[in-house]
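Below you'll find the structure, written out as C-alpha cells, and then a few comments.
Derivation of every value follows stated rules applied to the coordinates shown; laboratory data play no part. Being a predicted model, the structure only gives us computed values, none of them experimental. Heads up, the Cβs are rebuilt from the backbone with ideal geometry, glycines too, and the neighbour counts pull from every protein chain shown.
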Amino acid sequence: MTDSPADVVRTVADVAGSLRNYIGQLPPVWIEGQLAEWNPRAKAHYGKLKDLTEDASINITVWNTVVDGLTEKFKQGDKVRVLAKPDFWVGGGSLSFQVKDMRHEGLGDILEKIERLRRTLESEGLLDPSRKKALPFLPLCIGLVTGADSDAEKDVLTNAKLRWADVKFRVEHTLVQGEQAPAQVAAAIAKLDGDPEVDVIIVARGGGEFLHLLAFSDERVVRAAAACETPLVSAIGHENDRPLLDEVADLRASTPTDAAKRVVPDVAAELDGIAGHRSRAFQIVSATIAQEFDRIAQFRNRPVMASPLAYLERHEADLENYRNKGATLVDHAVDRATDHVHRLTAQLRTLSPQNTLDRGYAIVRGPKGNIVATTSEVSSNDELEIRLADGTISVTAS
C-alpha cells in the first residue's frame, strides 16, 4: 500500500464517511462472547461483548424492537451468541455492532437435547395421560422438594396451612439449579416416594430463566418422577419453555401457590359444602315426610277407612246370592249328568250280549273257540262249549 502524498489531505468527515461506507458493506456475522455490560435505555439496550478467553471486547447495540422479538431474557454475565452487523458512528467516531438476533450460548444444543429426551420419553409411554395418578382428596402428609429457605417453600407451606391447619409436611431441601441440582432433586423424590406416610409429593421452584430451570428437564429428575408411585405435582412456575418434569408429573401447577391450593382442600369451604348438603338433605327428608303424612291423612279420611265394616256389609248380600246361585247351578249340573249316565247304562245293557243270554239264548263255541252259527260247522264227536246266562256247558256233538 502506497502512502498518500503530503499535499493530499482528507477531512475527518471524508475519512469517517469512507470508513462508514466500507464497514457498512460488511455482512452480518455470528459472534460468541460474554455480556460484560448490559444497559437498557429508552430506545435500545447497550452492551459490551467480551471474548470468553482473550482480552478483547466489542460494543453492541440492540434496538428495543429487536429485544421485544427475542424469546429469551438476558442479563450481565450471560454467555451469548449474537448475529450482528458492524456499524461506524461518524459523529462519535466509534464502532458498534447492531444486533439482529441474540441467543444464549449453546442454547440450541440444549434445546435439541431436551427435545430428543422428550421424544424418548414419549416413545416409552411416559408422557401418556393415562399414566397420571389422581391426587388424594385429603392428604395427611405432603412431601415437598424445594430450595432451602426459598420463596417457593414459604408459598407452599403458608397457603397449605391457610387451607388446612393440620396438614403435615416432609420437606427435602435441595439445590434447584446448577450441575448438582438434578442428582439432589432425583434423590429427594425417591426418598419421599419411599416414605409410607407421604400421600403426595410437590416439587417446587419459584420460576426463573430457562437456563436456570434445566435441572427439571434433566433425565435423572424426569425418570425419578416417572418411577414415583406417589402422586407427584410439578410446581416450577414457568409458563414458557416448560421443563419436562411438567409433562411427566401427575399434575402441573402454574406456581407453588397454585400447587398448595390444588393439593390441599380448603377445609372451611368443604365444611360449608357439607353443611349446605346436610341442610338440603334435611329439607328434602322433611318435605318427603310431610307429603307422606298428607297421603296418610287422605287415606284415613276416605269412607272405607272411616267404617270398614260398612264396605263389607254392602257386598255381603251379593256374596250370599252368588253362593246360592253357584250351589243351584252345581245341583242342576249333577242331576243332568246323573240322568245322562242312567241313559248310557240302559243303552249299554240293551246292546250287551249278556242281555241276550238272559232272554234264553245261548252261544256255542267250536273246538277251536270259534262261534258256531250253523250245523254244517260241526262234525260228529266235536267237543262244544255252550255259554248260557248263568254259566257254560261242555257237550259232544253226535
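Just how far, in whole angstrom, is the range 134-149 from the range 79-131 if you go by their alpha carbon centroids?
Answer, in whole Å: 35.
Please quote Rg/Rh for the range 219-349 to two decimal places, taking the Kirkwood radius as Rh and restricting both calculations to Cα atoms.
Rg divided by Rh gives 1.71.
To the nearest 500 deg cm²/dmol, what mean residue ellipticity at 222 nm is calculated for the chain from DSSP H runs of n ≥ 4 alone, each contributing -39,500 (n - 2.57), summed and divided by the residues?
On the way: 12 runs with 171 residues, N = 398.
Computed ellipticity for the chain at 222 nm equals -14000 deg cm²/dmol.
How far is the Cα center of the range 361-398 from the Cα center of the range 257-322, in Å?
Each part's Cα centre sits 97 Å from the other's.
Please state, rounded to one decimal and in Å, the Kirkwood hydrodynamic radius that the range 135-265 gives when every pair of distinct Cα atoms enters the mean of 1/r. Could you put the intermediate results ahead of the total?
Numbers: mean 1/r = 0.0713 Å⁻¹.
Taking the inverse mean of 1/r over all distinct Cα pairs, the range 135-265 comes out at 14.0 Å.
Order 243-250, 389-396 from most to least packed using the mean count of other Cβ atoms within 10 Å.
243-250, 389-396
Order of 258-264, 170-176, 66-72, 180-186 by packing, highest average Cβ count within 10 Å first?
258-264, 180-186, 170-176, 66-72
Computed from the mean reciprocal separation of all distinct C-alpha pairs, what Kirkwood hydrodynamic radius does the range 306-348 have, in Å?
Across the range 306-348, the inverse of the average 1/r is 13.1 Å.
Quick one: if the Förster radius is 35 Å, what FRET efficiency do Lys79 and Ala227 give, using the C-beta to C-beta distance and rounding to 0.05? Show your work: numbers first, answer last.
Details: r = 34 Å, r/R0 = 0.97.
That gives a FRET efficiency of 0.55.
Determine, for each peptide in 353-359, 375-381, the mean count of other beta carbons within 10 angstrom over its residues, then list the peptides with the highest first.
Details: 353-359: 11.6, 375-381: 9.4.
Most protected by this proxy first, the peptides run 353-359, 375-381.
Could you work out how far apart the two model spin labels at Glu383 and Ala148 are, taking each label as a point 7 Å from the Cα in the direction of the beta carbon, and quote it in nm?
Once both label points are built, they end up 13.8 nm from each other.
Count the DSSP beta bridges whose two residues both fall in the chain, then state the antiparallel fraction as a percent rounded to the nearest 5.
70 percent
Over the Cα atoms of the range 12-105, how large are the radius of gyration and the largest Cα-Cα distance (Dmax), in Å?
Considering the range 12-105 through its Cα atoms, Rg and Dmax are 13.5, 41 Å.
Viscosity 0.890 mPa s, temperature 25 °C: what is the translational diffusion coefficient of the range 354-396 from Stokes-Einstein with a Kirkwood Rh over Cα pairs, rounded to a whole number of µm²/s?
D = 228 µm²/s.
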